[in-house]
Amino acid sequence: MTAPRLVSAALAATLAFAAPAGALDVTQMTDAEREAFRAEVRAYLLENPEVIMEAVAVLEERDAAAQAAADTELVQTYAEEIFDDGYSWVGGNPDGDVTLVEFIDYRCSYCRRAHEDVNELVETDGNIRLVIKEFPILGPDSLASSRFAVAVKQVAGDDAYHLAKEALIEMTGEANETTLARLAETLGLDADAILVQMESDEVTAVLAETRALAQRLGINGTPTFVLPDRMLRGYVPLEGMREIVADVRDAG
């Protein structure tokens, strides 16, 4: 809920609470009663403006709780597609007790910011299963990068994909045929085979499936992280992620 809507909702709640007994319906008041009521409420709010912010805070908490509950239900509904789709790259500890799924766009500044944190979290924890969902939403370079990554996985396997993913998240130049071919060669891969596979129906299908899943989950930004009981919509610093993983373990 946006700030103006929250304030409007808070005002409505305040007005309802402050209305005199038997006159809660403003439309049933006389003109004199209505004017007196408005003056009284206005005076009260001017003297106690913190009431509005308190009401906004309560509404924000309720809205966040409702969103979290809805997210949990979505995760449960689409659990198999989220955690075991059969085509997304799986890293970390494949037998880990917590699965962390990341929807990623290589050109997303927050994905890049989160990258080192996610790697450190997975490496230092040792019991996290990491799943990467290619979700290019920031334009042609994003799409080309994801098509390249998926093609690398399909042509050369998971280890090669991991190397490509690490390189793509740091790439600053344009993701075109020349730069991607050079990247493939740098990684010791068959550049021609990967460039051909990039345009294949198989790669298109993977990206289309992930985009469709994101739409069902209401995901429209990156990074988005999904755990067995929640979604994290946006960047979360390392310590916050550690606390969330611990919470998931405790709940499990």
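The values are calculated or read from the model by the stated rules, or taken from the named source; none is laboratory data. All figures in this text were calculated on a predicted structure; none of them were measured in a lab. Because the Cβ atoms are built from the backbone with ideal geometry, glycine has one as well, and the counts that use them run over all protein chains shown. For the accessible areas, the whole protein counts, side chains as well, though only heavy atoms, and no ligand, DNA or RNA atoms are used. Shrake-Rupley method; radii C 1.70, N 1.55, O 1.52, S 1.80 Å.
Would you pick out the residues in segment 126-138 that are surrounded by fewer than 19 Cβ atoms within 10 Å (Cβ to Cβ) and either under 23 Å from Ala175 (Cβ atoms) or in contact with a helix residue (DSSP H, G or I) (Cβ under 8 Å, 6 or more places away or on another chain) (or both)?
Step one: of segment 126-138, the residues surrounded by fewer than 19 Cβ atoms within 10 Å (Cβ to Cβ) are 126-127, 129, 137-138.
Result: Ile137, Leu138.
Check Glu61, Glu73 and return the single one that is at pLDDT below 85 and acidic (Asp, Glu). Spell out how you get there, then give the answer.
On the way: Glu73 fails: at pLDDT below 85.
Exactly one of Glu61, Glu73 is at pLDDT below 85 and acidic (Asp, Glu), namely Glu61.
Any residue in segment 110-117 that is of a type outside the set (Phe, Trp, Tyr), open to solvent by 40 Å² or more (accessible area, probe 1.4 Å), farther than 12 Å from Thr222 by Cβ and at pLDDT 95 or above?
yes
Give the residues of segment 238-252 that are free of Cβ contacts under 8 Å to residues at least 24 places away in the same chain, under 20 Å from Arg112 (Cβ atoms) and open to solvent by less than 100 Å² (accessible area, probe 1.4 Å), sorted by residue number.
Within segment 238-252, the first condition is being free of Cβ contacts under 8 Å to residues at least 24 places away in the same chain, and the residues that meet it are 239-240, 243-244, 246-247, 250-251.
This time we only want the ones that are under 20 Å from Arg112 (Cβ atoms), so: 239-240.
Gly240 - this is the single residue of segment 238-252 that is free of Cβ contacts under 8 Å to residues at least 24 places away in the same chain, under 20 Å from Arg112 (Cβ atoms) and open to solvent by less than 100 Å² (accessible area, probe 1.4 Å).
Looking at Arg182, Arg211 in this structure, which one is basic (Lys, Arg) and under 15 Å from Val150 (Cβ atoms)? Before you say what the answer is, go through the steps one by one.
On the way: Arg182 fails: under 15 Å from Val150 (Cβ atoms).
The match here is Arg211.
Being open to solvent by 50 Å² or more (accessible area, probe 1.4 Å), in contact with a Gly (Cβ under 9 Å, 6 or more places away or on another chain) and in contact (Cβ under 8 Å) with a residue 12 or more places away in the chain is the requirement here; does Asp71 meet it? Write out each step before concluding.
Values: open to solvent by 50 Å² or more (accessible area, probe 1.4 Å): no; in contact with a Gly (Cβ under 9 Å, 6 or more places away or on another chain): yes; in contact (Cβ under 8 Å) with a residue 12 or more places away in the chain: yes.
So Asp71 fails the test.
Out of the residues in segment 35-78 that are aromatic (Phe, Trp, Tyr) and in a helix (DSSP H, G or I), which is farthest from Met231 (Cα to Cα)?
For segment 35-78, the residue satisfying everything is Phe37.
Residue-by-condition table, conditions (1) of a type outside the set (A, V, I, L, M, F, W, C); (2) modelled with pLDDT under 80; (3) over 17 Å from the mean Cα position of the chain (by Cα):
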site	(1), (2), (3)
Val26	no, yes, yes
Thr30	yes, no, yes
Ala36	no, no, yes
Val56	no, yes, yes
Gln67	yes, yes, no
Tyr78	yes, no, no
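Is at least one residue of segment 79-100 surrounded by 19 or more Cβ atoms within 10 Å (Cβ to Cβ) and part of a loop (DSSP other than H, G, I, E, B)?
Yes, segment 79-100 contains a residue that is surrounded by 19 or more Cβ atoms within 10 Å (Cβ to Cβ) and part of a loop (DSSP other than H, G, I, E, B).
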